[in-house]
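Written below as structure tokens is the structure these notes are about.
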Amino acid sequence: MRYLIIGNSAAGIFAAETIRGLDPSGQITMISKENCLPYSRCLTSYFLGKEIPEERIYIRNKGYYSETGINFIGQNVERVNPESKSVLLESGEKVGYDKLLVATGASPFSPPLEGSDMEGVFQLRTLADAKAMAEFAPNVKTAVVMGAGLVGLKGAHGLHELGIKVVVVGSAPYLMRYSIDPESSGILIRLLEKNGYRILLNTKAEKILGEKNSEGRMSVSGVVLNSGEQISCQMILKAIGVRPNVQLVADTEVLVNKGIIVDREMQTSVKDIYAAGDVAEADSILQDEKSVSALWPTATEQGIIAGCNMTGVNRSYRGSLALNSAVICGVGLISAGVMNLPPGEGIVLRAVEPEKNFYRKFVIKDGRLVGMIMVGRIEGAGVLCGLIRKGAKVDINYLNYLLTNPVKYQGYLPMSKGGPQYGLLR
Ligand SMILES: Cc1cc2nc3c(=O)[nH]c(=O)nc-3n(C[C@H](O)[C@H](O)[C@H](O)COP(=O)(O)OP(=O)(O)OC[C@H]3O[C@@H](n4cnc5c(N)ncnc54)[C@H](O)[C@@H]3O)c2cc1C
């Protein structure tokens, strides 16, 4: 059996290792346009901020491909040809497959903005991006980060660690719009501002300003905001959002919406072609529609499911759960599931102690926990995520108790034999 995997990141690596475990003699080829060992994108901002050395970014060691019997090709794949069961490399060479996994992830996306082609404008997706920013950083006093989501805040943190004054500009009314809520965002904003960041929300950049540098090239000198304010800066990080890398299946029978649409086996609309990770649009636990999750744990889980099914071992994907974690100025944050329900639907429990950087919110619908945010004391968050995943019935009185009390890991046990009811142990 010839297995071909495009992408050597979270989804691709976990798929390859699953396949190798289940089919020791299968021929596995992995192709990536990033011609390097697999690494964690989630750590690139810590590398930027010099908190970890480059070696710690890599998630597999030198010799990985030969030890696991994976044939690695460091090239861009231009397109997939389902009719001939092959892919076309940038070199013009074709590589055939019996089973194909598209694990090409996503790429940064931002609306056109005047001045974006100047020196000093960056994005943060790859290790190469982080290295380029790190190399440029010694010339920078002030950086403007466009985007107040997880990647924007992580990038801002990396730059702040280098002693750069950071201004975060976000178009949404609060930070991490899809992952938290205004109250928790308020706590994080106060923390960030106390630590020297400037946060501008409900604001957009309208134009990047530049001036000629000593080598005669145009380099960033500032940014004009829609408020009319002009901020003087030497670096811009664009972290507005990402889009799945679906181009290589364009004009094929593979169905694409935002991402490549997959079924519970992670198979696309074309037999023997699978997709996983940031490129895939898959079932989600709490929503009826399929969605692109764009999170590391989702990509690894989908990679494992795809790997099983590619070898003929049937496994069904349980669906993605929005799950975010971050440490902002030393304070932990975890959120999962649905943050806001339409008015009149469900119950929301909240505890806020802003002066202690503490916040908890539990969202309950039809007697089930469907969302939670924890800021400050985040221990035991995994137990609550488990309850959301299981769709377990919860005891509201006990959740109320947990708003201000520790969530214990030995946590939850089935309460009734008859149904999917779970309770939490005190
Ligand atoms: C700065 C940053 C911080 C993040 N922090 C977190 C976090 O804290 N928590 C979290 O859950 N998630 C985080 N994420 C998101 C997480 O990194 C992604 O969800 C995860 O990397 C997705 O894995 P993937 O395998 O689907 O795709 P990717 O990691 O995007 O990898 C795609 C692979 O495909 C290859 N590829 C793409 N196109 C082609 C082509 N045409 N030909 C050949 N190869 C190709 C690429 O080289 C790469 O190997 C972060 C992302 C970034 C950028």
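The values are calculated or read from the model by the stated rules, or taken from the named source; none is laboratory data. Since the structure is predicted, the reported quantities are computational estimates derived from the model, not experimental observations. Here the Cβ is made from the backbone with ideal geometry for all residues, glycine too, and neighbour counts use every protein chain on show. What goes into the accessible areas is simple: the full protein's heavy atoms, side chains included, and nothing from ligands, DNA or RNA. Shrake-Rupley method; radii C 1.70, N 1.55, O 1.52, S 1.80 Å.
Some values worked out for this structure:
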quantity	calculated
Every residue from region 257-267 that is surrounded by fewer than 19 Cβ atoms within 10 Å (Cβ to Cβ) and in a loop (DSSP other than H, G, I, E, B)	Asn257, Lys258, Asp263, Arg264, Glu265
Selection status of Asp278, on the phi < 0 side of the Ramachandran plot and part of a helix (DSSP H, G or I)	yes
Per-region count, region 28-47, residues in contact with a helix residue (DSSP H, G or I) (Cβ under 6 Å, 6 or more places away or on another chain) and near the ligand (Cβ under 6 Å from one of its atoms)	3
Residues located in region 95-108, provided they are surrounded by 17 or more Cβ atoms within 10 Å (Cβ to Cβ) and within 27 Å of the chain's Cα centre (by Cα)	Lys99, Leu100, Leu101, Val102, Ala103, Thr104, Gly105, Ala106, Pro108
Positions within region 99-135 being more than 16 Å from the ligand (Cβ to nearest atom) and within 28 Å of Ala276 (Cα to Cα), in sequence order	Lys99, Pro111
Residue under evaluation Gly170, criteria (1) in contact with a Leu (Cβ under 7 Å, 6 or more places away or on another chain); (2) surrounded by 24 or more Cβ atoms within 10 Å (Cβ to Cβ); (3) over 23 Å from Pro112 (Cβ atoms), criterion not met	(3)
Residues (closer than 19 Å to Ile388 by Cα and without any contact (Cβ under 8 Å) to a residue 60 or more places away in the chain) located in region 272-296	Ala282, Asp283, Ser284, Gln287, Asp288, Glu289, Lys290, Ser291, Ser293, Leu295
Condition broken by Glu355, with the remaining ones in (1) outside any strand (DSSP E or B); (2) surrounded by 22 or more Cβ atoms within 10 Å (Cβ to Cβ) satisfied	(2)
Which listed residue, of Lys141, Lys154, Lys194, is in contact (Cβ under 8 Å) with a residue 24 or more places away in the chain and either in contact with a Phe, Trp or Tyr (Cβ under 9 Å, 6 or more places away or on another chain) or of a type in the set (Phe, Trp, Tyr) (or both)	Lys154
Residue among Leu237, Leu209 that is open to solvent by less than 20 Å² (accessible area, probe 1.4 Å), out of contact with any Pro (no Cβ under 8 Å at 6 or more places or on another chain) and aliphatic (A, V, I, L, M)	Leu237
Residue check, Val338 away from the ligand (no atom under 16 Å from the Cβ), surrounded by fewer than 24 Cβ atoms within 10 Å (Cβ to Cβ) and either of a type in the set (A, V, I, L, M, F, W, C) or farther than 29 Å from Val80 by Cβ (or both)	yes
Conditions (1) over 26 Å from Lys154 (Cβ atoms); (2) in the same structural domain as Val166 (by TED's automatic domain parsing); number of the one not met by Val223	(1)
Long-range neighbours under 8 Å by Cβ, at least six apart or interchain, first residue over 18 Å from Ser284 (Cβ atoms) within region 241-261, second in a loop (DSSP other than H, G, I, E, B) and open to solvent by 50 Å² or more (accessible area, probe 1.4 Å)	Arg243/Lys258; Glu253/Ser269; Val254/Ser269
Those residues of region 109-159 which are on the phi > 0 side of the Ramachandran plot and under 16 Å from the mean Cα position of the chain (by Cα), in sequence order	Gly147
Hits in region 367-384 - residues which are open to solvent by 10 Å² or more (accessible area, probe 1.4 Å) and either under 17 Å from Met176 (Cβ atoms) or more than 29 Å from the chain's Cα centre (by Cα) (or both)	Gly367, Gly376, Ile378
Some residue of region 311-328 being open to solvent by less than 40 Å² (accessible area, probe 1.4 Å) and more than 20 Å from the chain's Cα centre (by Cα)	yes
Of the criteria (1) surrounded by 15 or more Cβ atoms within 10 Å (Cβ to Cβ); (2) more than 16 Å from the ligand (Cβ to nearest atom); (3) in a loop (DSSP other than H, G, I, E, B), which one Val254 fails	(2)
Filter result for the condition that a residue is open to solvent by 10 Å² or more (accessible area, probe 1.4 Å) and under 25 Å from the mean Cα position of the chain (by Cα), over Gly69, Gly21, Gly92, Gly74	Gly74
Residue match in region 279-291 (condition: closer than 21 Å to Gly26 by Cβ, of a type in the set (A, V, I, L, M) and away from the ligand (no atom under 11 Å from the Cβ))	no
Failed item, numbered, when Leu175 is tested on (1) in contact (Cβ under 8 Å) with a residue 60 or more places away in the chain; (2) within 15 Å of the ligand (Cβ to nearest atom); (3) outside any helix (DSSP H, G or I); (4) among the hydrophobic types (A, V, I, L, M, F, W, C)	(1)
Tally of residues being within 12 Å of the ligand (Cβ to nearest atom) and not in a strand (DSSP E or B) across region 229-243	1
